[in-house]
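Structure record follows, encoded as structure tokens.
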Amino acid sequence: RERTYIMVKPDGVDRGLVGDIIARFERRGFKLIAAKLASPGKEHLEKHYADLMGKPFFPGMIQYMLSGPVFAMVWEGLDAVKTGRVMLGATNPLESGPGTIRGDYALAVGRNICHGSDSVENAEKEIALWFPEGVLQYTRSQESKVFEI
Ligand code: GTP
Ligand code: MG
């Protein structure tokens with residue numbers, strides 16, 4: 001079963017949106033297998049966003065990510081990476097539909113509330129970076145109501 005790394009960014013934590021974002025993934029049927037509030041340093045964030053280094057907005061984006069704690073999560077389920085991105089909305093919130101996290105709560109690309117892995121390969125890298133201690137494995141009692149097993 002696929003896993004994705006989802007993170008509430010400092011603006012989302014500051015605006016009190018952690019519970020709402022968890023609730024969206026829970027009610028969809030995804031399984032939470034790791035979660036923590038964290039204050040990552042500059043180097044850690046530069047590793048996370050390494051593919052964007054050199055972009056004009058990179059320094060400002062790192063400053064934004066350093067402005068407060070983030071809430072890091074790993075969610076597991078069918079097509080978790082792609083579905084997670086759909087639930088987040090487009091990178092630019094102005095292009096995000098209502099019903100998505102960014103479409104419901106954000107206006108600016110540089111204050112877009114949440115992060116979601118963009119490929120299965122990157123998800124595995126991000127999970128290893130943010131949760132070197134590993135994730136949990138457990139069975140939910142309602143699993144057969146969510147998945148055909
Ligand atoms: P993440 O889930 O955070 O990785 O966003 P994404 O995958 O939708 O977009 P991408 O990885 O390309 O960019 C990472 C983050 O950089 C975005 O979420 C934005 O916060 C920021 N960003 C991307 N493009 C721009 C831009 O053109 N201007 C500004 N100010 N920020 C940008
Ligand atoms: Mg990205």
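If I ask for residues that are farther than 14 Å from H115 by Cα and either aromatic (F, W, Y) or touching a helix residue (DSSP H, G or I) at 6+ places or on another chain (Cβ under 6 Å) (or both), which ones from segment 25-46 would you list?
Answer for segment 25-46, where residues must be farther than 14 Å from H115 by Cα and either aromatic (F, W, Y) or touching a helix residue (DSSP H, G or I) at 6+ places or on another chain (Cβ under 6 Å) (or both): G29, F30.
Would segment 67-84 turn up any residue that is surrounded by fewer than 18 Cβ atoms within 10 Å (Cβ to Cβ) and free of Cβ contacts under 8 Å to residues at least 12 places away in the same chain?
Looking through segment 67-84, at least one residue is surrounded by fewer than 18 Cβ atoms within 10 Å (Cβ to Cβ) and free of Cβ contacts under 8 Å to residues at least 12 places away in the same chain.
Which one is surrounded by the fewest Cβ atoms within 10 Å (Cβ to Cβ), of the residues in segment 110-121 that are touching a residue at least 60 places away in the same chain (Cβ under 8 Å) and part of a helix (DSSP H, G or I)?
By that ranking, first place goes to V120.
May I ask you to verify whether V135 is outside any strand (DSSP E or B), at pLDDT 95 or above, under 28 Å from G16 (Cβ atoms) and more than 16 Å from ligand 1 (Cβ to nearest atom)?
Criteria met by V135.
The values are calculated or read from the model by the stated rules, or taken from the named source; none is laboratory data. Bear in mind the structure is a predicted one, so any value in this text is a computation, not a measurement. All Cβ positions, glycine included, derive from the backbone under ideal geometry; neighbour counts span all protein chains shown.
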